[in-house]
Amino acid sequence: MRMPIYEHTATFPFSRETVWNWHARPGAVRRIMPEWEGIRPLEVGGIKDGAVTTFRMSIGIVPQKWKAKHHSYIEGEQFCDNMIKGPFARWNHTHKFLENGTDEMKIQDTIDWKLPFHFFTRIGAPIMVMPRVHQMFKHRSRRILADLKRQEMFKDAPRKRILISGSTGLIGTQLGAFLETDGHDVHRLLRPSTKLHADQDPAKVVKWNDHTGEILEGSLENFDVVIHLAGAGIGDKRWSKKRKKLIAESREIPGRNLSNALAELSSPPSLFMCASAIGFYDNRGDEDLDETSSIGDGFLAKICKKWEDAMKPASDAGIRTIIMRNGIVTTASGGMLQQILLPAKLGGMGPIGGGRQWQSWISFDDLIYAMHYLMNHEDASGVINMTSPNPVTQKQYAKTLGKVLRRPAFAPVPGFVMKILFGELGKSLILDGQKVHPKRLLELGFEFEHETLESALRDTLGRFA
């Protein structure tokens, strides 16, 4: 019986050297992992001979550990990895980087594979293996191309030394990986109890007590950019008095301490970027909102104001400061979409509380790309809304998600059910809404990767049209 071979070729409008360098840098493994797969790296050893990469994934509902060893490395031309532990009887993957002219190249992937019970390979492959593999490679090619195009925009700018707080969180992890593939020197600001991911460099950390501002290890001096993302998740748990206090203090106090510390440095950064949220505007019905709109009256509005005010010492010291009011980040890796995905797949995700409330979203890719764009745009400062130019109502969101998943999305959910299940959290994040526009981003010339919700959902869920 002929052994199964999977082949995939992707063409990129860049030199072979550019594409090879992207793959050889830290962060590349993280960037090519599909969001919908829930893959977690346990060991990342690079692409040279003998290097081992291990990650955890699932085959259906069964958790699996995949361990691969690299071999046949040829600088600038190819690397291979052979599965030494995992769900396949054999998996040998060759990555070839082929010149296709001066400004174009091809990546040719060839996988020699076999299922554990090889007799069933011909039967199971078309259903169990090939669609999933093809889906992953389609995502990988699209992600590499999109990253390279964004990085090409600022290829002549000096590489930066960057410090990120919240670097092990959902956004910080991907942001750090993207910046590393762009050749920047990324460091991470951590509390002593924080554990880095396997693909993050433990030698590039600054440790501090975020509630006192004391630097315990390393230094804040000589960074070009500091990005503050740390803080307790707004939508992770039901809002008790204790949880609300943690949400407020985990951002305001560390933010103020960091801002004060940066203002007192002898070699401060030229840019300080800080995360806030569109909760600043509170529930505003159908009102069109931009960065000039007034603050709302609710809990989130008040704590967002405190977060943003905490950054004032840095801006008063002359450090260019950007406050990012983030919308709903659309990713299968976490946040709201991950929480509603199961009921949506079961066909139970319809209009909630009437579905007329606005949801101002942004794709995960566009959030990362917008932060990179602002970092390199000298005219960017002050408050900037990080949302798509096309907000949707909750009913439209549910309908679009149902379309992408090929599931019905008409079963209504009364608002009182959300209040019973989630309390004040349910009202603020699910029943209330804001129609927010990214006026400043558009004025600065940023172009979105995903202008429509359907495009963003298909990308993050791997449901390509």
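Residue count for region 268-283, restricted to those that are part of a loop (DSSP other than H, G, I, E, B) and under 27 Å from I368 (Cβ atoms): 4. Of the residues making up region 69-96, those that are open to solvent by 60 Å² or more (accessible area, probe 1.4 Å) and part of a loop (DSSP other than H, G, I, E, B) are E75, E77. Tell me whether region 431-446 contains one or more residues that are part of a helix (DSSP H, G or I), at pLDDT below 90, more than 23 Å from the chain's Cα centre (by Cα) and of a type outside the set (D, E). Within region 431-446, one or more residues are part of a helix (DSSP H, G or I), at pLDDT below 90, more than 23 Å from the chain's Cα centre (by Cα) and of a type outside the set (D, E). Among the acidic types (D, E), open to solvent by 40 Å² or more (accessible area, probe 1.4 Å) and touching a helix residue (DSSP H, G or I) at 6+ places or on another chain (Cβ under 6 Å): which single residue out of E252, E221, E214, E264 fits that description? Selected residue: E252, the only one of E252, E221, E214, E264 that is among the acidic types (D, E), open to solvent by 40 Å² or more (accessible area, probe 1.4 Å) and touching a helix residue (DSSP H, G or I) at 6+ places or on another chain (Cβ under 6 Å).
Restricted to region 2-50, and to residues there that are open to solvent by less than 40 Å² (accessible area, probe 1.4 Å) and among the aromatic types (F, W, Y), the residue that is farthest from R150 (Cα to Cα) is Y6.
Residues considered: I368, I384. Of these, the only one that is open to solvent by less than 60 Å² (accessible area, probe 1.4 Å), at pLDDT 95 or above and not in a helix (DSSP H, G or I) is I384.
Name the residues in region 57-68 that are part of a strand (DSSP E or B) and either surrounded by fewer than 12 Cβ atoms within 10 Å (Cβ to Cβ) or over 27 Å from the mean Cα position of the chain (by Cα) (or both), would you? V62, P63, listed by residue number. In this structure, H184 does satisfy being over 14 Å from the mean Cα position of the chain (by Cα) and either surrounded by 18 or more Cβ atoms within 10 Å (Cβ to Cβ) or of a type in the set (S, T, Y) (or both).
Residue-by-condition table, conditions (1) in a strand (DSSP E or B); (2) under 23 Å from R320 (Cα atoms); (3) among the basic types (K, R):
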| site | (1), (2), (3) |
| --- | --- |
| T212 | no, no, no |
| S219 | no, yes, no |
| N222 | no, yes, no |
| A232 | no, no, no |
| R238 | no, no, yes |
| K242 | no, no, yes |
| G255 | no, yes, no |
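Any residue in region 293-319 that's more than 20 Å from D224 (Cα to Cα) and among the charged types (D, E, K, R): show its pairings with residues that are assigned to a loop (DSSP other than H, G, I, E, B) and open to solvent by 60 Å² or more (accessible area, probe 1.4 Å) at Cβ separation under 6 Å, as long as the two are six or more apart or on different chains. Partner pairs satisfying both residue conditions: K305/I295. Has region 197-206 got any residue that is more than 27 Å from L42 (Cα to Cα) and open to solvent by 40 Å² or more (accessible area, probe 1.4 Å)? No, every residue in region 197-206 fails to be more than 27 Å from L42 (Cα to Cα) and open to solvent by 40 Å² or more (accessible area, probe 1.4 Å).
The values are calculated or read from the model by the stated rules, or taken from the named source; none is laboratory data. Source: prediction; values computed, not measured. Neighbour counts are summed over all protein chains in view; Cβ atoms, including those assigned to glycine, are modelled from backbone coordinates with ideal geometry. The accessibility values were calculated without ligands, DNA or RNA, using every heavy atom of the protein model including side chains. Shrake-Rupley method; radii C 1.70, N 1.55, O 1.52, S 1.80 Å.
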